[in-house]
Structures are given as structure tokens and as C-alpha cells.
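J.: Provided herewith is a single structure, encoded as C-alpha cells, for subsequent inquiry.
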Amino acid sequence: MNDRKNDAWPPPAFDVTGKLGLVKFNPDGSSHLRIIDPEVCRKVCHQKFCTHSCPAQVYRWEPDEALITISFEGCLECGTCRSGGCPYANIEMRYPRGGFGVQYRFG
Amino acid sequence: MTASGQKPGSTAYMAGAAGSGLPRFEAIVVGGGPSGLAAAYTMADAGMRVAVIERGDWSGSKNMMGGMIFTYPTATVIPDFWKEAPLERHITRRDFWICTKDATIRGSYETEDFGVEPCNAYSVFRSRFDKWLAGQAKAKGAYLITETLVEDLIQENGRVTGVRTGRPDGDLRADVVILAEGVNTFLTEKAGLGPGMKSEYLALGVKEILSLPKEKIEDRFNLEGDQGVAIEAAGETTAGLPGTGFIYTNRSTISIGVGVMLKDMVDRVTEPYFLLERFKEQPQVRRLISGTSPLEYSAHLIPEGGLHNMPRLCANGALVVGDAAGMVNAVHTEGANLALLSGKMAADTVIRCRGLGDYSARALSHYCDLLDQSLIMRDLKKYQDVAPFLARHPQLFRLYPEVMSTALKELLTVDMLSKSDKHRLIAKLVHSEIPVRRLARDIYDIWRTLA
């Protein structure tokens, strides 16, 4: 990870809200995703990798509050965040409970 | 939300205690995708009491691929499936593009033979096809339990004896559990069969379904009737990252997406949807999809590590199949067919073990023998060096397309240079970008990796 720049967080270049609007979700009441240690996001991870790697932009960095917010309702359940999407392995992902989450009509 | 934590109107029939009202199952399949349903269908067909546990509202509701299915392997599980299954178009043409910023080099293969029933391949929607497949398994007697997440395995005395679902009193026991849980191998990891899929061996695919009237699809893609085309594009398509773009024609929609190696994408701090938008904006793609409206966006991981990232596949009382077992041939974009075949082989093994009354890892390892003898392991062995090869040769996805394009452009531009001078100029251009020794070594490496 040496070649990674340690400069200020650049936000994603594209907003996926419109794309997610096409997807049917049945969100559960509580999150199936969790940041394990917020200090890692704050102090170690300068790039905020999850805000870029997640195809659903579930993770957003809030500079004012210095934390990652999780919009789990729009999660596509791909598993990127648990499998290298966070290079610090600082995200715990489970599947939503049965019957909840994304519902592909085409897939 | 009801007191039991189930959705209102949930049709699930594990109401109350899971044990009550349910038969005792000989086999439990975790996951209602292609591999799990192939296993369930085969076991139920042999008269076994089988349950499929699917976390979605229906089989397929969490599934996504490019994609097309290949007929021959699918028919070995469900004979004559093409007569009834929800299929989109039969693929009569395969196009391969190598793209640079401003040019496309195309290869194409088309044959009437691919249009003769049963056709070689069909474009499908996973969500609809898997729902149909589940219906077939059910018709054979398999028990479908939907809207139910398996949260853990029940392990006793060193063997898997059942599953723990998210439902109240949701433990279910069986002689054998088939793990068809897909690329996110929560349970396979819990069974101690492997560490899970590594990011350097995972590809992330994102896709959109775009609607376009049937006639326009046929005009734009040069098709007639139910003919379809599958396009794969490499190079600038993925901004030089190892990966490809793809386009599949469906009846009145187009599936368009990109798949890139996850680790490279993360290292470059690139967004997957940005790559998809970029692909859609390339002129040769823009012309094909102009005037379409998007219907759905989706994302899924693909386990491309093959033998490098495969968990152990047999435990006492458990087998691993499909994506969870790393059964993807990335070079030939095959996954669902390997999933189906592996599911069937697991089922055949279980049927044999049932006769022996022995579900130990040793007895179940017959599954590994079947895999080894089959095209699955032979193909995965053959292509086992591709992923490491691509990691060592990032130039393949940017430098080589550029050099090929420059050479072709020079050759096809008619000006006042003699052809001999042009050939010399092209040779010089190529050598300035790629030293002869490196070119020779790369060609040798490619040949050794793929041939």
C-alpha cells in the first residue's frame, strides 16, 4: 500500500443514488454492516477506500464528524467490503436477515 | 414486524418451532442458486428428503451474473430445460473487442449452428431462471424454505450435523449439508474449510439492465428473431485495469457491465460504477445503447482464483459447491455451468454415501474424485496460472491495445509512404514501446498460460 497517496479524501466521482433508485430493497430495521474500529477510519485510512470500492456507496465519509456513515438500506450484498474493499479489514459484514435486503427482478 | 421477527405476510412455513411440522431431512442445501438447486434437484429425483434454504424471497432474488448459460452442461442436470425455462435470446455470435481511447479492434465469430435447438448458449436473467429452476426441484420433491438465512452450522463431535437459521427455534438437522452459499463463504469459513476468498483473486462485477425495443436491438446488433450476441471488451474498457466489459442482448433489454479485479480497483482508488459509466460512454458502446432507459443496477463478486483460492471441499457431513468452491473459469466466462455440474456431482456423491450409510469426509471425498475426473478440475488446472499471469502483466490491458491500434492505424492510413516504409515505421513504433525480448517473452508466457 506504499503507492497510496496520503492526501485529503477525494470524494467518489459519481453519485449512484439514481442507480440505486432502480433497485428494489426491503430494508431491515437495523444494519447488517458495522465499522469495527472507527479510529482506523479516522487516523489510519486516509483514502477512505470503502467510499470508493462499494458499488452502492453505502459508506460515506463525513469530514465534520470524522466518521464513516453506513446506508445499509441500499446495500447490494456483494461482499466487497468484507473481501478487500476495506484493505484494513475494518468492516464486519453479515447478510441481512432472511427476506430482507436487495431483491433483484432481473439479476 | 411481528414478534417473531418475521416480515408481515411472510409465506415461510417454518412458523413457530422449526422442528414441528417439518419432515426430517436427509440433506440440507444452503443456497438456492444454480449449484444448490442442481444438487437438490438431483437428490430429490433419487427419492431423498431434501430441503433448500434460501435467504431471498425467492431463489434468484439475490443472484446476478452477465450473463448467459450454456445448454449442454445445464441439460445434464435438467434435460430439455430449454423447452420451458425463461430464456432471453440464443447466442449465435460472440464478439471480442480490444479497446483504446479512440479505437476498437474487433474479432467476431458467428455460426448458424449456434441457432439450432438446443442452442449452444442463451442469455438469461438469474432472478427469473433460478426461480424456475427452484420450481423444477420442488416438482421433484425438494422442500424450498425461502426468506431464511442460515447463520451458522451445527457441528458436533467433529462433524456437521445441521444448520442454525435465523428463525426462532430454527435449528435443522440432516445427515449431510451442501454448502452452496455463493462467493461470500461465511459458512465454509465457519466449518474451517478455508480462509475465504482473497481480494487478489476476486473480480467485482457491476451491471445495468437497459430497456430497448426488440426491433431496435435486432437492427443495432445485426440480429434476427431470437438471435443474440455476447460481447466482451478488454483494454481501455476498464481503464487499463485487469478486467473486461460485457454486453449481452436479451429479448427487449441489454445487459451491460464491467468486471474488474477487486484488489487492483481498490489500489487504484477507482469506483466500479465509474468504470461502468466510462464503458457506456465509449463511442462504439454509446451508439449501441443510445435512447435506452435503465431498469436495474446490480453488483456481485466473482471468485476467479480457481485452484489458488479453493477451500477444502469435503468435511464430515458437508460438501462445498459452486461459487463457494471457487468454480469459475474466468478465461471462458464460465461459472454457472460449473456450479450446476458441481452441484450434480455433490448430489451423486451424497446418493452414493446414502447407500453406504456413511457421510464421513472420507466417503464424501468421492465428490473430489468426480471433480478431478471432470472437465471442471481439468479446466481449472489448465488455467490456474492466468490470474497470477495477469497480475504480473498489467501492460496487457493498456500498452498492448495501444500498440496494436497504432500499428493498424498506420497500416490502414493511405498516404504518400510506400508500404515498405510503412512496415519499417510500424516495426520501429512497436519496438520503441515493447523491446523485442520482452515481446517474445510475453508471447511465450501467453502461449504457456493459455495453450
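J.: Go through (1) touching a residue at least 60 places away in the same chain (Cβ under 8 Å); (2) in contact with a Ser or Thr (Cβ under 7 Å, 6 or more places away or on another chain); (3) crowded, with 20+ Cβ neighbours inside 10 Å for B:Phe129 and report which single condition fails.
T.: B:Phe129 satisfies every listed condition except (2).
J.: What's the total number of residues in the range A:88-101 that are among the hydrophobic types (A, V, I, L, M, F, W, C) and closer than 19 Å to B:Thr165 by Cα?
T.: Residues meeting the conditions: 2.
J.: List the pairs whose first member sits in the range B:82-104 and is more than 17 Å from B:Thr253 (Cβ to Cβ), whose second member is in a strand (DSSP E or B) and of a type in the set (Ser, Thr, Tyr), and whose Cβ atoms are under 6 Å apart, counting only residues at least 6 apart or on separate chains?
T.: Going by the 6 Å Cβ cut-off, the qualifying pairs are B:Arg94/B:Tyr109; B:Asp95/B:Ser108; B:Trp97/B:Thr104.
J.: Residues that are on the phi > 0 side of the Ramachandran plot, of a type outside the set (Val, Ile, Thr) and in contact with a Lys or Arg (Cβ under 8 Å, 6 or more places away or on another chain): does the range B:272-279 have at least one? Even if it seems obvious, please write down each step before you answer.
T.: Applying the first criterion (on the phi > 0 side of the Ramachandran plot) to the range B:272-279 yields none.
So far as the range B:272-279 goes, no, none of its residues is on the phi > 0 side of the Ramachandran plot, of a type outside the set (Val, Ile, Thr) and in contact with a Lys or Arg (Cβ under 8 Å, 6 or more places away or on another chain).
J.: Next question, about the same structure. Hey, any hits in the range B:178-195 for a residue that's polar (S, T, N, Q), assigned to a helix (DSSP H, G or I) and either touching a Gly at 6+ places or on another chain (Cβ under 7 Å) or farther than 30 Å from B:Ile289 by Cβ (or both)? Full working, then the answer.
T.: Of the residues in the range B:178-195, the ones polar (S, T, N, Q) are B:184-185, B:188.
With assigned to a helix (DSSP H, G or I) added as a condition, the list becomes B:188.
Now restrict to residues that are either touching a Gly at 6+ places or on another chain (Cβ under 7 Å) or farther than 30 Å from B:Ile289 by Cβ (or both): B:188.
Within the range B:178-195, one or more residues are polar (S, T, N, Q), assigned to a helix (DSSP H, G or I) and either touching a Gly at 6+ places or on another chain (Cβ under 7 Å) or farther than 30 Å from B:Ile289 by Cβ (or both).
J.: Then there is this: Of all residues in the range B:242-262, which are surrounded by fewer than 20 Cβ atoms within 10 Å (Cβ to Cβ) and either free of Cβ contacts under 8 Å to residues at least 40 places away in the same chain or not small (Gly, Ala, Ser) (or both)?
T.: Listed by number, the list holds a single entry, B:Arg251.
J.: A further question on this structure: Could you tell me whether any residue of the range B:170-187 is surrounded by fewer than 22 Cβ atoms within 10 Å (Cβ to Cβ), modelled with pLDDT under 95, touching a Ser or Thr at 6+ places or on another chain (Cβ under 9 Å) and within 14 Å of chain A (Cβ to nearest Cβ)?
T.: yes
J.: Considering only residues that are polar (S, T, N, Q) and within 28 Å of B:Met64 (Cβ to Cβ), look in the range B:327-382 and name the one that is surrounded by the most Cβ atoms within 10 Å (Cβ to Cβ).
T.: Restricting attention to the range B:327-382, the residues satisfying the condition of being polar (S, T, N, Q) are B:329, B:333, B:337, B:342, B:349, B:360, B:365, B:373-374.
Now drop any that are not within 28 Å of B:Met64 (Cβ to Cβ), which leaves B:329, B:333, B:337, B:342, B:374.
Values: B:Asn329: 19, B:Thr333: 20, B:Asn337: 24, B:Ser342: 32, B:Ser374: 15.
So the residue we want is B:Ser342.
J.: Return the total of residues in the range B:222-240 being of a type in the set (Gly, Ala, Ser), part of a loop (DSSP other than H, G, I, E, B) and in contact (Cβ under 8 Å) with a residue 12 or more places away in the chain.
T.: So the answer is 2.
J.: Also, I was wondering about something else. Could you check the range B:402-451 and list, in sequence order, the residues that are touching a His at 6+ places or on another chain (Cβ under 9 Å) and assigned to a loop (DSSP other than H, G, I, E, B)?
T.: none
J.: Are any residues in the range B:61-73 out of contact with any Leu (no Cβ under 7 Å at 6 or more places or on another chain) and within 18 Å of B:Ser342 (Cβ to Cβ), and if so, which ones?
T.: Within the range B:61-73, B:Asn63, B:Met65, B:Gly67, B:Ile69, B:Phe70, B:Thr71, B:Tyr72 qualify.
J.: Scan the range B:242-264 and tell me whether some residue there is at the interface with chain A (Cβ under 10 Å from one of its Cβ atoms) and part of a loop (DSSP other than H, G, I, E, B).
T.: For the range B:242-264, residues at the interface with chain A (Cβ under 10 Å from one of its Cβ atoms) and part of a loop (DSSP other than H, G, I, E, B): present.
The values are calculated or read from the model by the stated rules, or taken from the named source; none is laboratory data. Because the structure is predicted, anything quoted here is derived from the model rather than measured. FYI the Cβ positions are ideal-geometry reconstructions off the backbone, even for glycines, and counts take in every protein chain you see.
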